[in-house]
Amino acid sequence: MDKRILNTKKKLTNTLLLLIKEKKIKDITVLELCKKAKINRTTFYKYYKDIDDIVHKIEESLLTDLEKNINDIKRNYLISFTSKIIETISAHKEIYTRLLSENGDHTFLRRILGLVYNQSITEWEKLLKKASHSDLENIYNFIVDGTIGIIESWIKSNCQEEPSNIAIFINKICMSGLSSFI
């Protein structure tokens, strides 16, 4: 891709992240973004349809990178997935904390955790002999909702706790609940 195009997209992304710090995504306009980025609206529309489109493309890029990292995990242990997700959020704190903030996209964290749905269900079918498929679905939803709450709290505290400690904490809670199905 042309270097100028990359620079323009990077400038729009960085400016969007600055605006998300100030206001909700839904309240940001293309005009406002372009003015602040000092980029012509025509240029914006060459690459994006609207604000939702740029947010979606940023998130898709992050999800693709995260999915590659998750696919490198040899065993489908929940702690491995959780650790990788939290480490990635911490390593790219600026962009993730903005997108996952109160002003950001409230569905993005659920989509991140959705990357491990198939691996989690497959692993649990082998381990949790007493659980029906419906039980596994409920377990997954319960774990995802709890994990979202913990990660959101961690982000609100500016990610002060070590990522490994957060992952271990989530794993302890999950494993104690899962043990009743073994």
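The values are calculated or read from the model by the stated rules, or taken from the named source; none is laboratory data. Treat the numbers as computed from the prediction; the structure is a model and nothing was measured. Positions of Cβ are backbone-derived with ideal geometry, glycine not excepted, and every protein chain shown enters the neighbour counts.
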- Filter the range 3-34 for residues that are free of Cβ contacts under 8 Å to residues at least 24 places away in the same chain and in contact with a Ser or Thr (Cβ under 9 Å, 6 or more places away or on another chain) and give the result. L33, C34
- Task: Kindly indicate the residue of the range 125-142 that is in contact with an Asp or Glu (Cβ under 9 Å, 6 or more places away or on another chain) and in a helix (DSSP H, G or I) and also farthest from I170 (Cα to Cα) among those meeting that condition.
- Result: H133
- Long-range neighbours under 9 Å by Cβ, at least six apart or interchain, first residue in the same structural domain as S164 (by TED's automatic domain parsing) and at pLDDT 90 or above within the range 142-154, second of a type outside the set (S, T, N, Q) and not in a helix (DSSP H, G or I): I151/L100; E152/L100; E152/E102; W154/E161
- For the range 1-58, what are the residues that are closer than 14 Å to R98 by Cβ and not aliphatic (A, V, I, L, M)? T13, N14, T15, K21, E22, K23, K24
- Task: Being in contact with a helix residue (DSSP H, G or I) (Cβ under 7 Å, 6 or more places away or on another chain), of a type outside the set (D, E) and in a loop (DSSP other than H, G, I, E, B) is the filter here, so list the residues in the range 143-182 that pass it.
- Result: C159, I182
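Name the one entry in E161, E102, E152 that is surrounded by fewer than 17 Cβ atoms within 10 Å (Cβ to Cβ) and farther than 30 Å from I28 by Cα.
E161
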- Check K93, K126 and return the single one that is free of Cβ contacts under 8 Å to residues at least 12 places away in the same chain, surrounded by fewer than 18 Cβ atoms within 10 Å (Cβ to Cβ), basic (K, R) and in the same structural domain as I170 (by TED's automatic domain parsing). K126
- Residues that are crowded, with 18+ Cβ neighbours inside 10 Å, outside any loop (DSSP other than H, G, I, E, B) and modelled with pLDDT of 85 or more, drawn from the range 109-119: L109, I112, L113
- For D53, indicate whether it is out of contact with any His (no Cβ under 7 Å at 6 or more places or on another chain), within 21 Å of D105 (Cα to Cα), of a type outside the set (S, T, N, Q) and assigned by TED's automatic domain parsing to the domain that holds G146. no
